[in-house]
Amino acid sequence: MGPWLAAQPLVLASRSASRSAVLAGAGVPVEILPADIDERAIETQAGLQSPSQIALLLARAKASAISAKLPERLVLGADQTLALGQRLFAKPADLAAASDQLKSLRGRTHELHAAIAFVQDDAVLYEHVETARLTMRAFSDDFLDRYLDAAGDATLTSVGGYQLEGPGVQLFERVDGDYFTILGLPLLRALDFLRRRGCLAQ
């Protein structure tokens, strides 16, 4: 008998393996239904400049898109943006783009903004965004080549071109912020909401 009390699993509107693994590890059963939305079009239409607000907008849009298809189900949307000053980064398209991106971040501090939104029957019940600051060390070009060779296509699955829970941790000299936020999900805030909602044991 685990801590989950709801009759049905939480619907996760994300294809992120790390998000589903984090939730499952915390005892939250998830049904994965990725939202098929045009993120860049939504960003452009909203005209937002703040990376944290963009993350929140996209988390809400993902959850709302799936909620519209699943009446009465509780849906969690999540998104993450990476900003270096005023410059926003997207997931690299290929290893060459990942290399260029990591060279831009090398020796500098960037911010990860991770947002969540819980939606049920098209109503936003709770949303939150948290920020972590990460400083990359001044690694050599040789190390970067070796890192990309070892990490491979996994570098293309995250906005930063790295996974802190894997070899990507070697890129850094300092990390300030919640670990789960860096993975793309402010887990403690999500669990707190689920407890208040009656989905998890108090």
Residues (assigned to a helix (DSSP H, G or I), under 17 Å from ALA78 (Cβ atoms) and not acidic (Asp, Glu)) located in region 1-41: ALA17, SER18, ARG19, SER20, ALA21, VAL22, LEU23, ALA24, GLY25
Within region 69-87, tally of residues that are closer than 30 Å to VAL30 by Cα and surrounded by fewer than 15 Cβ atoms within 10 Å (Cβ to Cβ): 3
Any hit, region 104-117, residues being modelled with pLDDT under 95, surrounded by 14 or more Cβ atoms within 10 Å (Cβ to Cβ) and of a type in the set (A, V, I, L, M, F, W, C): no
For THR44: the one exception among (1) buried (at least 21 other Cβ atoms within 10 Å of the Cβ); (2) in a helix (DSSP H, G or I); (3) β-branched (Val, Ile, Thr): (1)
Positions within region 138-156 being under 30 Å from ALA59 (Cβ atoms) and either in contact with a Gly (Cβ under 9 Å, 6 or more places away or on another chain) or surrounded by 15 or more Cβ atoms within 10 Å (Cβ to Cβ) (or both), in sequence order: TYR147, LEU148, ALA151, ALA154, THR155, LEU156
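Give the residues of region 55-90 that are closer than 17 Å to HIS110 by Cβ and either in contact (Cβ under 8 Å) with a residue 40 or more places away in the chain or assigned to a strand (DSSP E or B) (or both), sorted by residue number. Please lay out each step first, then the result.
First, pick out the residues of region 55-90 that are closer than 17 Å to HIS110 by Cβ: 55, 79-90.
Within region 55-90, ALA55, ASP79, GLN80, THR81, LEU82, ALA83, LEU84, ARG87, LEU88, PHE89, ALA90 meet the criteria.
The values are calculated or read from the model by the stated rules, or taken from the named source; none is laboratory data. Quick caveat: nothing in here was measured; it's all calculated off a predicted structure. A quick note on method: Cβ atoms are made from the backbone with ideal geometry, for glycine too, and the neighbour counts reach across all protein chains shown.
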